[in-house]
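Derivation of every value follows stated rules applied to the coordinates shown; laboratory data play no part. Model, not experiment: these values are computed from the prediction. Cβ sites come from the backbone with ideal geometry, for glycine too, and all protein chains shown count toward neighbours.
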Amino acid sequence: MEENLSLKEKEKAEEAMIEQAFQELLNDYLHTKHRKRVEIITKAFNFANQAHKGIKRRSGEPYIMHPIAVAKIVCNEIGLGSTSICAALLHDVVEDTDYTVEDIENIFGHKIAQIVDGLTKISGGIFGDKASAQAENFKKLLLTMSDDIRVILIKIADRLHNMRTLGSMLPSKQYKIAGETLYIYAPLANRLGLNRIKTELENLSFKYEHPEEYHEIEQKLAATAAERDKVFQEFTSPIREQLDKMGLKYHILARVKSIYSIWNKMQTKHVPFEEIYDILAVRIIFTPRSMEEELNDCFDIYVAISKIYKPHPDRLRDWVSHPKSNGYQALHVTLMGNNGQWIEVQIRSERMDDVAEQGFAAHWKYKEGGGSEDEGELAKWLKTIKEILDDPQPDAIDFLDNIKLGLFASEIFVFTPKGELKTLPQNATALDFAFSLHTDIGCHCIGAKVNHKLVPLSYKLKSGDQVEILTSKSQRVHPEWLNFATTSRAKIASILRKEDKANQKVGETVLAAFLQAEGIRMDESALDKLTNLHNFHTPDELLAAIGAKRIILGDADRNVFKEKQNKSWKKLLSFSFGGGKDNKDSKEPISFETRSIEKINPKEILKLTEETISKDYIMADCCHPIPGDDVLGYIDENNRVIIHKRQCPVAVKLKSSYGNRIIATQWDTHKELSFLVTIYINGIDTIGLLNEVTQVISRQLNVNIRKLDIESNDGIFEGRIKLYVHDVDDVRTICNNLKQIQNIKQVTRIED
């Protein structure tokens, strides 16, 4: 009886919690400027609540709390209206219950059903067993975008809530979802102008992938907050006085660099937290005197504050006259503060700030009947994606990389010979510009004139360049173009694939005739022998080369069939280890055969011990992980486990594209094995410095140096030291001790 009572009490408490969460959503919606369509939102909630009744999330809370949370993000943080809120509440109904899209359409109408259908399509199988499931899903996601941009906006909201509640997931799932978020969803949010959401997605991904570094930077930010606030108040005080004199309505905010951005800069610049000088930025948000004067007001503020502080001549960013393709507008100027540090100031009107925070949704208007305005740059971007999708079966990973170029890129603005403005991503080449004009122009371009000077197709364009493309009818697409193309890679690859297919057919005919004349049967074995002989990866590549007359079949090809079959050798992997625990003796690298791991449970955390490192697992060559690094395991196609650093670029790609093969890993070593690392040092060159460095490493720390390269130039030296260590703690001790040497300014571990 008591058990039944407590169960009923629990159900009542859950119902009250659900009702309270929904009322909060309704209140938030009623405070927006959207039409007050409370009835249909309530109807959608009741329907979803009934459909998900009795289902729990992994965290133990009722499942309906997730759709409500997603709807809140859609309403408050993206700024969408009732149609999107209803779709958010219903987004998991078709996938997780017996209801169909037709049921949704009958009850809620075509538009809501269409968005729910789009969300269902891109959710299906996202944790599936296919190696490229995530990439294929991303293709589906982009296909739906062109129908209704709200599909992707709601999907981003769904991902944001999943990231906020990621703590209840298994570690292997955490790495997969965090990696996928950083690789796909954060740049996608950025491309749609959702800056605040992009920042939170990056921070949450970083928090789960590198918890120690995250908390360390968090603590350092908290410890330096009072000092930053003092700098902010002193820096903005004369600015406020000047803006008050101008009679402007405004408010000034301090913008602190995100934890992920700080860490990213520490990695790329190889500097500690203390040497990141742009943590603080200042944002001026003003009410324009009139919409016609909005742009002038931006520049008036710039002129006024430039009289107070000296501006950096190369750091004025005019996103007001030339908005980014995601709609972002602002004037960025970097000023020298009285403390001797450069501080970036972002000048925005209230409208610009709204677009910067809510992104595309802030100016995406829906008419009655579901029509939408044409949105210029975003429409162009979607058109480009459609062209990539039209390419028959591109490799899923290449596809992701091509799209990512568009997601991450900053824009440059170039002009045609007639003065027409074109937007391209940063690092775009003359070749990319040619393809952006027309595929036919790209295929036949032989060079370009930039600002009336002849340049090669690989020339990287800069903002303000005027570009004229030179073409020739005899020109054709070359494979080496892929080495310097950015935005046009997909088109070039597609054209080359079509050419390869045509060449393969010709090559097949030529090879068949050659083998027939030699009395050899054209089968898989024969193709493999010739493929290996000419160092191709696949028989298709061989046939294409024969068809294109890059290979002329002859005596070498005949002889390969006369030789005895080569013995097959087992693959051996080499690892270099130091001597023993004292690490004084450097031994030859040892070789061992990697064992195939037959039974691995991805739900378990893999223990990396001395024995398993030596026998079972492979340390990735791309990032050289050592004990103490944040790492993960990847099960390759041969069922071997490769250990990568979590932030390694290869691992980032694996997490987002082969998430189901990722395993959480943990070090369990006892300073028995030695690993080779590279330490970078630089500073002011003085007599005896090299001796001090070797004294610290060899005598004080008893560490064996494998290689030492020091170069001095105009009184400044830089060096790379390769040495054997047991783990990350050894590296930290070495770096800290070297930093104590006078005139050494920077010490950091690098990949070599």
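Applying the criteria of a DSSP loop state and at most 11 other Cβ atoms within 10 Å to the trypsin sites (Lys or Arg not before Pro) of the range 503-543 yields ARG521.
Size descriptors for the range 675-750 (Cα atoms only): Rg and Dmax, in that order, 11.4, 36 Å. Each Lys or Arg adds one and each Asp or Glu subtracts one; over the other residues with Cβ under 14 Å from the Cβ of LYS739, this totals 0.
Fewest neighbouring Cβ atoms within 10 Å first, the residues PHE232, PHE675, PHE273 line up as PHE273, PHE232, PHE675. Taken about its Cα centre, the range 412-542 carries a charge dipole of roughly 660 debye when the Cβ of each Lys and Arg holds +1 and the Cβ of each Asp and Glu holds -1. Positive end of the dipole of the range 416-556 (Cβ unit charges, origin at the Cα centre): among SER525, ALA428, ILE552, the Cα lying farthest that way belongs to ALA428. Seen from PRO479, the other residues with C-beta closer than 10 Å to its C-beta sum to a net charge of -3, counting Lys and Arg as +1 and Asp and Glu as -1.
For the range 410-485, the dipole from Cβ point charges (+1 on Lys and Arg, -1 on Asp and Glu) about the Cα centre works out to 180 debye, to the nearest 20. Annotation note: GluC sites (Glu not before Pro) in the range 664-752 located in DSSP loop regions with a Cβ neighbour count of at most 15 within 10 Å are GLU672, GLU751. Legend: residue pairs LYS176/LYS422; LYS491/LYS653; LYS173/LYS607, Cα-Cα distance threshold 26 Å; pairs beyond threshold, LYS176/LYS422.
For the set LYS220/LYS257; LYS498/LYS549; LYS121/LYS207; LYS43/LYS111; LYS230/LYS257; LYS207/LYS645, the pairs lying more than 19 angstrom apart at their alpha carbons are LYS121/LYS207.
Once you sort the root eigenvalues of the Cα gyration tensor of the range 13-209 as a ≥ b ≥ c, which label holds: rounded (a/c under 1.5), prolate (a/b larger than b/c) or oblate (the other case)?
Details: a/c = 1.36, a/b = 1.30, b/c = 1.05.
In terms of gyration-tensor shape, rounded.
Computed on the range 217-363, the Cα convex hull volume stands at 127 Å³ per residue. Positive contributions from Lys and Arg (+1) and negative ones from Asp and Glu (-1), summed over other residues with Cβ under 11 Å from the Cβ of PHE536, come out at -2.
Loop-located trypsin sites (Lys or Arg not before Pro) in the range 656-739 (DSSP state not H, G, I, E or B) with no more than 16 neighbouring Cβ atoms inside 10 Å: LYS671. Between ARG228 and GLN466, the distance separating the two model label sites (each 7 Å from Cα on the Cα→Cβ line) works out to 4.5 nm.
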